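The structure appears below as structure tokens.
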Amino acid sequence: MVCTINESLELNFTGLGKLIAGGGSKTQKMLMRRLTPDDILQPEDELHSLIKNIQHKPLALNDLMAFYAKSSTSKTHIENQTLLFAKPVDGKNYPLHIAARDGDTDTIKNLLEQGYDINKKDLRNITALHIAVLFGQHETALMLIENGAEVDSKGYEDHTPLHFALMKHHYDIAKILISEGKADPNQITSEGKNAFNYIMDDLGVNLLMLGETHDKVLLKKIDSMLDTISILAATTNTCYYIDAVEQGDSYLSVPIPISMLLNVVSCYVATLDLKNKLLLLADTVKIYDPSEDIYVYAKNILHMFPTGETYKLNIGTGEDIWIQSEGHFGNYTTLLASHSLDAYLLSIAPSQSSELKLDILSTLHSIYESAVYFSSHAGQKETALLAFEQYEKGETVLLPSGWEGHFVDIIISKSQSLYVVANSGARYHGESPDYQGDPAGILFYKIIEPDAIDADFFYAILNNEEQINLELENAYLYGVFEKADEIIRDTQVYGNCGWESHRDAVEGLFYIELLNLGINEVEAKSLAQTYYQEWDHFHGIYVIDQYMANNPGLPLEALLDMFKELHQKDHFSFENHDHAQKLADAMISPHYIDEFKVWLNDPEMDLVDKLIKNILQEQHGIDVELLLQDSMNEIVGQDSEIIDITVEPIQIENNIPHIDIILPLDQPQLMI
């Protein structure tokens, strides 16, 4: 399951996982099927151990290449040598492959003139172009392409030559395959990877190696990777990294926009120059594939109204992709909170609100504007220094943070000597058996060693990777481990900590700023809760409006699931009812009305959906009978006679388990 920010994106982002957040599945669990070599080679054979090793260690591919490279360079006869083969290969059968390996363009020319099949495959479905690419033979690859080699031919484990080029970091050859051969970057290997997976994985590794250095060799290599990504993006309108999410006994491919990942990666690089390059590339990718906005608005609404499900998302390119309701990126949710607070502040008429509330809201918006900057520039030392300077001036500072599997907001107030963790408690992923979990909610710790607080502390929070560092090691190192107070909240049910943390943070910030104005703790808590609930009510409406106004791509099923979740809350409030009403209105909007009518007419509708249909009519003013009549008219024609179209009553049987649907406080509760 998934959450956000420093949670190790584990999309098999080898190194990138330490930089970014949002995923959580492990594509490396998809084991490649390999033949056992025991019946083919003798145990003492050197190659036997290499092939046996590759079953357990994918990097052994390099060992096999090294072994193959030691073979004879004879152009006519290579015996008992192999590359990725489960049995010895006679070089007479594959002379073009051997010539491609050696970059022997003269032999290749002669073979082609003699009519040799340029696309002949070996026992692993590998073509000569695959081999030329694998061994970095630039001119040979170009020659084969110019003579008709199939650029998207799938071979070993469904790899195309482009996959091999990116696996082996041959970016110059990758560019040739794309520009000259028109290679398709969205071809998928048996491991569920496309071309973007390989180059983004490599980018993550090199960014980690670069760190705070200015290594010219690494910077040149990174520039080459960024250039290759740009060229890849220009060939397709679907630029996605493919994650593999475990679903029972199988895996589901869940794509994530490349432009989004580049934006997130840019948050953690150490220099502004490199950050700007990554952001420029993200903008370039969005020119070719603008679907990021559809993806983000869908994530935003799913994070506000989580369901724990996975849905098909229409990204506007004629195809659908899978999207999880769980998991988001911390820099995106922080920006969303800032925009929401700004919109809320603008929506309030000064004559209808107290000066106190308006002043507090204005302060919160300023705090969040700073947090957006801190989050998007977390990897730069100057950012931590800026945050520390604000703290020293007495300003309340919000720092988005977290670790693998969880996102939290950290609030630091010098004026109140408080260190606050927003979204504490038993996290969605669970804890180790000996971990004494905090109560869910907002925890306030006293800063008992104020002289220990420095810019390094702020940098550590913004770039935290391990739970133990944030909750224990740094807590003791900087003297912020003694609990002073708490605001208890409901336990987080789904993996939407990227938003739950901001909800907690907003209430915590209201409380701190009210204390700063001299309001006593009891009254400050009460006012903070009221202010928070009013904003949260606004935000639910805001996020639905934003989603509906920007090419909504989720299916009706998602909206129905959100609606059901709201009506099954333990404490169904006025605010919940308003949010459910907004979702109901969306269901009958022009975008969803046809799908909604199909759902209404489902002859196999289950008991819960029948109840939801009745709630939509009785509690939310949806004229179900009229819509049923309209849909039947569309089917049989306006002149056809429709008799007795009514809402189907719910048949309640004694052996049906209870399902509680909570209605507004002024309505009786339905129990079935």
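The values are calculated or read from the model by the stated rules, or taken from the named source; none is laboratory data. If you're wondering where the values come from, they're calculated on a predicted model, not measured in any experiment. Here the Cβ is made from the backbone with ideal geometry for all residues, glycine too, and neighbour counts use every protein chain on show.
Overview of values
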read-out: Qualifying helices (runs of 4 or more DSSP H) (wholly inside the range 465-556; at least 2 residues being more than 26 Å from the chain's Cα centre (by Cα) and touching a residue at least 40 places away in the same chain (Cβ under 8 Å)); value: 497-516, 521-548
read-out: Top-ranked residue of the range 484-503 - restricted to ones that are in contact with an Asp or Glu (Cβ under 7 Å, 6 or more places away or on another chain) and not polar (S, T, N, Q), ranked as surrounded by the fewest Cβ atoms within 10 Å (Cβ to Cβ); value: Arg489
read-out: Some residue of the range 471-483 being buried (at least 19 other Cβ atoms within 10 Å of the Cβ) and within 28 Å of Leu358 (Cβ to Cβ); value: no
read-out: Residues located in the range 354-379, provided they are buried (at least 18 other Cβ atoms within 10 Å of the Cβ) and within 23 Å of the chain's Cα centre (by Cα); value: Tyr368, Ala371, Val372, Phe374, Ser375, Ser376, His377, Ala378, Gly379
read-out: Where Ile188 falls short, out of the listed (1) buried (at least 22 other Cβ atoms within 10 Å of the Cβ); (2) within 30 Å of Ala149 (Cα to Cα); value: (1)
read-out: Matching residues, the range 384-397, being of a type outside the set (Phe, Trp, Tyr) and either surrounded by fewer than 23 Cβ atoms within 10 Å (Cβ to Cβ) or out of contact with any Leu (no Cβ under 7 Å at 6 or more places or on another chain) (or both); value: Leu385, Leu386, Glu389, Gln390, Glu392, Lys393, Gly394, Glu395, Val397
read-out: Every residue from the range 276-294 that is over 20 Å from the mean Cα position of the chain (by Cα) and either of a type in the set (Lys, Arg) or at pLDDT below 95 (or both); value: Lys277
read-out: Scan of the range 257-273 for residues that are in contact with a Gly (Cβ under 9 Å, 6 or more places away or on another chain) and in a helix (DSSP H, G or I), ordered by number; value: Met260, Leu261, Val264, Val265, Ser266
read-out: Subset of the range 119-149 [in contact with a Ser or Thr (Cβ under 8 Å, 6 or more places away or on another chain), buried (at least 17 other Cβ atoms within 10 Å of the Cβ) and not in a helix (DSSP H, G or I)]; value: Lys121, Thr127, Ala149
read-out: Given (1) touching a Leu at 6+ places or on another chain (Cβ under 7 Å); (2) surrounded by 15 or more Cβ atoms within 10 Å (Cβ to Cβ); (3) over 22 Å from His406 (Cβ atoms), number of the condition Ile315 does not satisfy; value: (1)
read-out: Matching option when the condition is among the aliphatic types (A, V, I, L, M) and outside any helix (DSSP H, G or I), among Ile242, Ile229; value: Ile242
read-out: Candidate set from the range 447-464 (those that are part of a helix (DSSP H, G or I) and among the acidic types (Asp, Glu)); member that is farthest from the chain's Cα centre (by Cα); value: Asp451
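For every residue, the table says whether it meets (1) touching a Pro at 6+ places or on another chain (Cβ under 7 Å); (2) surrounded by fewer than 19 Cβ atoms within 10 Å (Cβ to Cβ); (3) within 22 Å of His339 (Cα to Cα); (4) not assigned by TED's automatic domain parsing to the domain that holds His502.
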| site | (1), (2), (3), (4) |
| --- | --- |
| Thr530 | no, yes, yes, no |
| His537 | no, yes, yes, no |
| Ala584 | no, no, no, yes |
| His591 | yes, yes, no, yes |
| Asp606 | no, yes, no, yes |
| Lys610 | no, yes, no, yes |
| Ile622 | no, no, no, yes |
| Gln629 | no, yes, no, yes |
